[in-house]
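The next block holds one structure in the form of structure tokens; read it before the comments.
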Amino acid sequence: MNTYRTIAQEAADEFVEQRSRFIGYVKPVTTEQQALDFINEKRQKHWDATHNVYAYVLRDGQQRRFSDDGEPHGTAGMPTLEVLLKSDVTDAVVVVTRYFGGILLGAGGLVRAYTKGAKIALSAGGIVTMERCAAAHLCCDYGQYGRIAGLIPAHGGVIDDTVYHSGVELYYHLPADAVDLFQKQLADATGGTVTAEITDYRYFARS
């Protein structure tokens, strides 16, 4: 898998439905323990809430978990999970907290409310596409710098850091499937005098 979608940042939003207060929380996570820690954090924060419903999806082991936390079966946790799945979001956890307002919403009303709670949380956190990239490093002279600095973004790459001394050091990342062509064009552009070192392969947010 070269790309996947996840949440850009931890966030929250809320709304009131028939006097019940719903608070949607979301956070990007990469392990089940991180998801459980976030859920427990919200449970402790909202210990007096009527329900703290949750759902999370992880790439690791293709895990999908949810809880209705006392709401009627199928009216809370599953709708929350469905929002993650239909948004094609993974490595994320959602908690929807409810403070009961005294008016019953019915099964359909609960499904709509928890779906909305999850959706507004995802909207607040923002969805980002993560792409498998090569993290790389190269050194060049000042005369070559401008050409190389333009070559990296031309291949979908991003310069992460630039260090100036007797020459120029560039730290950058670019899509994994662009490495071979970039290396070839780098050699062509510099007469083979500059080579790039791939230091790692990991996921970066697509720019």
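Of Met130, Met78, the sequence from fewest to most neighbouring Cβ atoms within 10 angstrom is Met78, Met130.
Overall, region 130-205 carries a charge dipole of about 120 debye about its Cα centre when +1 sits on the Cβ of Lys and Arg and -1 on the Cβ of Asp and Glu, all other atoms neutral. Look at where the Cα atoms of region 94-110 and of region 127-187 average out, and the two centres are 50 Å apart. A simple rule links phi to the HN-Hα coupling: the Karplus curve 6.51 cos²θ - 1.76 cosθ + 1.60 with θ = phi - 60°, which for region 70-78 gives x, 6, x, 3, x, 9, 9, x, 5 Hz, with x for Gly and Pro.
Of the chymotrypsin sites (Phe, Trp or Tyr not before Pro) found in region 94-142, those that fall in a DSSP loop while having at most 16 other beta-carbon atoms within 10 Å are Phe100. Potential lengthening of the chain between Arg147 and Arg65 amounts to 24.6 nm, from the contour at 0.36 nm per residue minus the alpha-carbon distance.
Rounded to 0.05, the FRET efficiency of the Arg43 and Ile198 pair, given R0 = 45 Å and the Cβ-Cβ distance, is 0.55. When the chain is described by a simple charge dipole with +1 on each Lys and Arg Cβ and -1 on each Asp and Glu Cβ, the residue from Thr195, Val26, Tyr114 located farthest towards its positive end is Tyr114. How would Ser166, Ser87, Ser20 line up from fewest to most surrounding beta-carbon atoms within 10 angstrom? Fewest-to-most Cβ neighbours within 10 Å comes out as Ser166, Ser87, Ser20. The loop-placed trypsin sites (Lys or Arg not before Pro) in region 1-89, going by DSSP, that have at most 16 neighbouring Cβ atoms within 10 Å of their Cβ come out as Arg19, Arg59.
The local environment of Glu17, defined by Cβ-Cβ distances under 14 Å, has a net charge of +3 under the rule Lys, Arg +1 and Asp, Glu -1. Working from label points 7 Å from Cα in the Cα-to-Cβ sense, the Leu36 to Ala178 distance is 4.0 nm.
Just so you know, all these numbers are worked out from the coordinates, no wet-lab data involved. Note that the coordinates shown come from a computational prediction; the quantities given were computed from them, not determined experimentally. Quick reminder, even Gly has a Cβ in these numbers, built from the backbone with ideal geometry, and neighbours come from all protein chains shown.
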